[in-house]
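To keep things clear, I will list the structure first and then write my remarks on it.
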Amino acid sequence: MSSAVEGSVPVSRRSTDARRTYRIRKWLAVPKNLLHIGVLTAYIAVVITVMCFHEPWFDEAQSWLMARDCSWHDLLLVRPHYEGHPPFWWLLLAIPARLGVPYEWGLKGVQLITAIFLVWLLVFRSGLPEVLRIILPFTYFVCYQYGVTSRPYALMMAAMVLTGISWRNRDDHPWRLIGSLILLCLCSAYGVVLAGGITMVWVWRVWRQRGMRGVLMGSKPRLAGWLVLLAVAIGIITLILPKPNTYDSGLKLLTDSPLPSTWEMVLRFWFCLPSEMMFTSVFTDTMLSSVTALTWEWVMMAVISGLVWAVFIRFAYRRGELGFLLVPYAMMCVLGARYFAIHHVGIILGYFIMVLCVLCRDSPLNMDDVPAWMKTVGGRIFARISQRDRSLVVGMGKCLGVLLLSISVYWNVFACVTDVLYPYSQARAVASLIKRGNLQGERMMSGWTRTPATKAEQQEWDGEFCGGGNNCIDFTTWIAPELIVANPYFSKNLASNSFNDLSYLPWYQPAGQAQKDLESWKGEEEPALYFTRFQPFYFTEFGYDRDDYIKVNYVRIVRPWKDQRAVSTCSVYMRRDVYRKVFHKEAPNTLTVDVDIS
């Protein structure tokens, strides 16, 4: 800085800048801080790299389309009833969506901010043991499932970490914890249940220590916070309570076997999910109610989950936090027994991270946490071996612990590499196909859902209709997802048979709508593109000639889940004259053709 410029800067400001610079240099001089910066930087680099290759799938497209195309009234007051989510995530997406930011830039930009916030909290603020701060950011759920794919769960996990950080000083600074719990409520229905359980533990402790007078009169800021949190929770519950005609009510129609009992679901929640969050990869990404496993796999998950619970119960009991560990989880289990998808298992991981934040802030993990009998056995063994062998055993134990934690890191590497090498969804391929043939103005149609149903099941649905006889139910507003996932790349809805020309799925069907739709579609011309699996009724219902179409296999998608892959080929029935327009050649004289639209 030149002397003239330096002289124009007030002395107080120069001294403030100098002190700030000194503090930054002093902070950077600590090797641990540089390591943490390196972890955060590496995480950002990995997530951005994989995001560049990741094709958004249905859930991501659905959220963006609602944020972009819904009226504010529907976004805030209607859609939550049918989606089962608070509208906060859609409001965040509405900022770039309504400002005209391109789809993937806007969607992934919001997601990246929430993911970075989560990992920043884990690395710099959580108080977790150093090894966890380094490993957790690169585990499957933190990095890939909730980092790369755009859902509200990274923000939900961040709210859990904030809750764990704020718990210790909850009575001195109640609004820090209240704010964290409100954010938790805004992210998910599971967040509302967790926040309710945590608040119950908090109120119980105040009542036990100071009685009812302490609850009502002990701290006005705390009481005000509880009332605000209660109002927020009631408001969100009112918003997300499913309407009677929500498709969720018909899930049992989509399963080939009876759904498990409530007790079976509870047992899976307690004795399978803690194992599946970090250590085992038995389940595929489906509903918890429909998972299957071999006998030895059920036993393995139960044993590992039991060990996880034993360790956490030991830690929590010593620190007087047993209620914080068990009560919120038990309450979440009640909701999970009704509806829980396996991709929600990351919420379980976030829950245990939150509990660990609380336990480590109460008292860092140390040798006192080891049960006395284990110390006795270990002492007897160590007394019989040399010092060199003791060091070797300790080193092997540490390596084993790191290896167990690294199982999820392997899943993350596998999933990230798979996402980079193969298409995750058909979104870009469908959009490319439509743009290539300039088909935006053509009629495109998606197949609807026709499920087998008995008379009793039909009677459960008001105004049910079966176009194929009397043993099914037609859900004509529940259409195939291909055009939905492509809609965000275009300014208008592509599916000509979508309900009320909506660009997203409504997840409900008004009484009589199916009969009305099927009758009206009969008068329409053959669609240029027909996204459906082949069932004769999809064509004969409207008098379409199958010979006018050629089945085009346009992309092979590979969807990773932990160390598993689900491979499928996406196809569309394309009118033969449209094939000529898109590919500039005559359609082959076959029923099916494979194309490369890259």
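Hey, what do the phi angles of segment 481-495 turn into as Karplus ³J(HN,Hα) couplings, whole Hz, using 6.51/-1.76/1.60 and θ = phi - 60°, x for Gly and Pro?
x, 4, 6, 5, 6, 8, 3, x, 7, 10, 7, 10, 5, 8, 7
Counting DSSP beta bridges with both partners in segment 483-598, what percentage is antiparallel, nearest 5? Working shown, then result.
Values: 14 of 17 bridges.
For segment 483-598, the DSSP antiparallel bridge percentage is about 80.
For Thr149, Thr292, Thr590, what ranking results if the residue with the fewest other Cβ atoms within 10 Å of its Cβ goes first?
Thr590, Thr292, Thr149
Dipole of the chain (Lys/Arg Cβ +1, Asp/Glu Cβ -1, origin at the Cα centre): which of Thr592, Ser503, Ile134 lies farthest to the positive side?
Selected residue: Ile134.
With charges set only on the Cβ (+1 for Lys and Arg, -1 for Asp and Glu), what does the dipole of the chain come to about its Cα centre, in debye to the nearest 20?
3360
Give me the percent of DSSP beta bridges within the chain that run antiparallel, rounded to the nearest 5.
Taking every DSSP beta bridge with both residues in the chain, the antiparallel ones total about 75 percent.
If you take the alpha carbon radius of gyration of segment 259-369 and divide it by 2.2 N^0.38 Å, what ratio comes out, to two decimals?
Here the Cα radius of gyration is 1.09 times the empirical estimate.
Between [x] 81, 75, 60; [y] 80, 70, 58; [z] 95, 73, 46, which entry matches Cα extents along the principal axes in Å as derived from the coordinates of this structure?
Here the calculated entry is [x].
Within segment 171-198, which residues have the backbone N less than 18 Å from the label spot 7 Å out from Val228 along Cα→beta-carbon, could you tell me?
171-187, 192, 195-196
By counting other Cβ atoms within 10 Å of each Cβ, how are Glu482, Glu83 ranked from fewest to most?
In increasing order of surrounding Cβ atoms, one gets Glu83, Glu482.
Between the helical axis of 345-362 and the dominant principal axis of the chain, each derived from Cα atoms, what acute angle in degrees is found, rounded to the nearest 10?
Once rounded, one gets 10 degrees.
Relative contact order for segment 259-369: what percent, with Cα pairs under 8 Å and sequence separation of 6 or more?
Relative contact order, segment 259-369: 38 percent.
For helix 220-240, report the angle its Cα long axis makes with the longest principal axis of the Cα atoms of the chain; keep it between 0 and 90° and round to the nearest 10°.
That helix lies at roughly 20 degrees to the long axis.
State the answer as a single residue: which of Cys466, Thr569, Thr16 lies farthest towards the positive end of the charge dipole of the chain, with beta carbon charges of +1 for Lys and Arg and -1 for Asp and Glu, about the Cα centre.
Of the listed residues, the answer is Thr16.
For the chain, which cysteines have no second Cys with its Cβ under 4.7 Å from theirs?
So far as the 4.7 Å Cβ criterion goes, Cys52, Cys70, Cys143, Cys185, Cys187, Cys272, Cys333, Cys357, Cys360, Cys399, Cys416, Cys570 stand without a partner in the chain.
Run the simple label-point estimate for Trp296 and Lys516 please: 7 Å along Cα→C-beta, distance reported in nm.
According to this spin-label approximation, the distance is 5.7 nm.
Which of the pairs Lys435/Lys492; Lys492/Lys516; Lys522/Lys551 have their Cα atoms more than 18 Å apart in this structure?
Values: Lys435/Lys492 13 Å; Lys492/Lys516 23 Å; Lys522/Lys551 22 Å.
Distance filter (> 18 Å) returns Lys492/Lys516; Lys522/Lys551.
Among the aspartates and glutamates, select those whose C-alpha is under 13 Å from the C-alpha of Lys581, and discard any that sit fewer than 8 residues away in the same chain.
The qualifying aspartates and glutamates are Glu442.
Hey, can you grab everything whose amide H is under 5 Å from the amide H of Gly447? Only 5+ residues off in sequence or another chain; H modelled, so Pro and N-termini drop out.
Amide H neighbours of Gly447: Ala480, Phe531, Thr532.
Where the centre of each part is set by its Cα atoms, how far does segment 167-201 sit from segment 303-332, in angstrom?
Computed from Cα coordinates, the inter-centre distance equals 18 Å.
Counting only helical runs of four or more DSSP H residues, what would the 222 nm mean residue ellipticity of the chain come to if each run contributes -39,500 (n - 2.57) and the total is spread over all its residues?
-18000 deg cm²/dmol
From the phi angles alone, apply the Karplus equation (6.51, -1.76, 1.60; θ = phi - 60°) to segment 44-60 and give each ³J(HN,Hα) in whole Hz, x where the residue is Gly or Pro.
Listing the rounded values in order: 4, 4, 5, 5, 5, 4, 5, 4, 4, 9, 5, 8, x, 9, 4, 4, 5 Hz.
On a C-alpha basis, how far is the centre of segment 507-585 from the centre of segment 370-421 in Å? Whole number, if you could?
Using only Cα atoms to place each centre, the spacing works out to 52 Å.
Any chance you could give the angle, 0 to 90 degrees and rounded to 10, that helix 88-98 forms with the longest Cα principal axis of the chain?
Rounded to the nearest ten degrees, it is 60.
Read-outs throughout are calculated quantities, based only on the coordinates presented, and are distinct from any laboratory measurement. Note that the structure is a prediction, hence the values are computed from the model and not measured. Reconstructed Cβ throughout: ideal geometry from the backbone, glycine too, with neighbour counts over all protein chains shown.
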